[in-house]
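Structure, as structure tokens:
The values are calculated or read from the model by the stated rules, or taken from the named source; none is laboratory data. Since the structure is predicted, the reported quantities are computational estimates derived from the model, not experimental observations. Here the Cβ positions follow ideal geometry from the backbone for every residue, glycine too, while neighbour counts run over all protein chains shown.
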Amino acid sequence: MDMDAFFVAVEVHRDPSLKGRPVVVGGTGNRGVVAAASYEARAYGIHSAMPTGRARGLCPHAVFLAGHHERYGEVSSRVMAILTSFTPLVEPLSLDEAFLDVTGARRLWGTGPEIAVKIRAAVLDHEGLTCSVGVAPTKFLAKLASEAAKPIAALDGVRPGRGVVVVPVGGELAFLHPLPVRALWGVGPRTHERLDRLGVATVGDLAALPQATLVATVGDATGRHLHALANGIDDRSVVPDQGVKSVGHEETFATDHHDQATLARELTRLADGVGRRLRARGLAGRTVVLKVRFGDFSTITRSITLADLTDSGRVIARSAQALLAELDVTVGVRLIGVSVGGLRDGGAEQLALGDPADWSEADRTMDRIRDRFGADAIAPAVTLRDEGIHSKRRGDQQWGPGG
């Protein structure tokens, strides 16, 4: 199941005056990127991950919205609840798409295609939104079928898609082989270039290649992976309730920062937000990861493994700042981020590095204040700006700074 232009659709449902217009959700500033585009906007060549500046050039009259990640998360939770009403075997891929295994639900709800129709009707009835559903014997083919079911963008108007596309047992290769080879997971620009030199244009062309030739061209792991997919082989099962692997925040700056002090202050703000999210989930982690993207778009990561688990923003900030101190930032930093991995449930050792004080009660007192008075009621003093407190929230500035 894949929601249709999800972020945009949520905004249009909230403001019906946007219906039928080219709408783009994402970072609205010069350094922003497109998160989602309506099908009217896609007709002009706009797509997700495109720089916002380029999107404005393609369609100057489009409506550009900063987006509301929390709102999308709330709608996503309700959509996922609809899916789990049909089967408990739901594996979310993102806010707007998920795999479902309905093998055990057919006696109650009907065949796979019948369940797909019921899901689309339920999402439309409860949320006023449309989705596309692919039905197939494997996850990979179901995903491709959902894409084939999507609406079609055109300058003369959006044409409705089929809504549901079914790949029957025995019909896997007939559906798969005419598709362009780019449809396969793992075929990026570099791999596509190598395959093109072999005369491979379609998935069928790829399937006809000996596996040894493919391995020699793109490497052992990738070659075996693509050979299996091209022949319709995908034995992965739907895995519900996958645990969170890491929690993090990052920030893209409107202009590059060149000094350690400014970046260290931003890390404190980001780490404070990460710590609060960890505590809210009852999680703690041991690995702190720093991400830095420079002005030339080169990106590096550095990590440190702590002796004890932590959910303290203070500990996370100090660890990330220690990693930052080893880098030359005078060339200019475009983006900085911090995340915590190696997560475990339960309590954490709260002692800050090199500090005998226990900050756990202080952290939890701040959480209670924020829960009662709002996220910007209290924050580490070093993060205070001229305009006041601006705590980092999940999804905040996710697609770049505003205009």
Complete set of residues in segment 205-234 that are on the phi > 0 side of the Ramachandran plot and crowded, with 16+ Cβ neighbours inside 10 Å: 232
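Table: residues versus (1) among the charged types (D, E, K, R); (2) modelled with pLDDT of 95 or more; (3) in contact with a strand residue (DSSP E or B) (Cβ under 9 Å, 6 or more places away or on another chain).
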| position | (1), (2), (3) |
| --- | --- |
| 44 | no, yes, yes |
| 47 | no, no, yes |
| 53 | no, no, no |
| 63 | no, yes, yes |
Segment 204-228, subset β-branched (Val, Ile, Thr) and without any contact (Cβ under 8 Å) to a residue 24 or more places away in the chain, residue farthest from residue 186 (Cα to Cα): 213
Residue check for residue 153: surrounded by 15 or more Cβ atoms within 10 Å (Cβ to Cβ), in the same structural domain as residue 117 (by TED's automatic domain parsing), farther than 24 Å from residue 112 by Cα and touching a Phe, Trp or Tyr at 6+ places or on another chain (Cβ under 9 Å): yes
Single residue of segment 235-256 satisfying the filter (out of contact with any Asp or Glu (no Cβ under 6 Å at 6 or more places or on another chain) and of a type in the set (Val, Ile, Thr)) that is surrounded by the most Cβ atoms within 10 Å (Cβ to Cβ): 247
The lone exception for residue 165 - which of (1) surrounded by fewer than 16 Cβ atoms within 10 Å (Cβ to Cβ); (2) without any contact (Cβ under 8 Å) to a residue 40 or more places away in the chain; (3) of a type in the set (A, V, I, L, M); (4) in contact with a strand residue (DSSP E or B) (Cβ under 7 Å, 6 or more places away or on another chain) it fails: (1)
Filter result (assigned to a loop (DSSP other than H, G, I, E, B), closer than 12 Å to residue 259 by Cα and either in contact with a strand residue (DSSP E or B) (Cβ under 8 Å, 6 or more places away or on another chain) or outside the structural domain of residue 289 (by TED's automatic domain parsing) (or both)) within segment 319-335: 327, 329, 331, 332
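The rows are residues; the columns are (1) in contact with a His (Cβ under 8 Å, 6 or more places away or on another chain); (2) of a type in the set (A, V, I, L, M, F, W, C); (3) crowded, with 16+ Cβ neighbours inside 10 Å; (4) modelled with pLDDT of 95 or more.
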| position | (1), (2), (3), (4) |
| --- | --- |
| 100 | no, yes, yes, yes |
| 104 | no, no, no, no |
| 113 | no, no, no, yes |
| 123 | no, yes, yes, yes |
| 127 | yes, no, yes, yes |
Residue check for residue 316: more than 27 Å from residue 51 (Cβ to Cβ), under 28 Å from the mean Cα position of the chain (by Cα), at pLDDT 85 or above and surrounded by fewer than 16 Cβ atoms within 10 Å (Cβ to Cβ): no
Selected residue (only one of 274, 288 is within 14 Å of residue 313 (Cα to Cα) and not in a helix (DSSP H, G or I)): 288
Residues of segment 35-45 classified as under 12 Å from residue 5 (Cα atoms) and not charged (D, E, K, R), total: 6
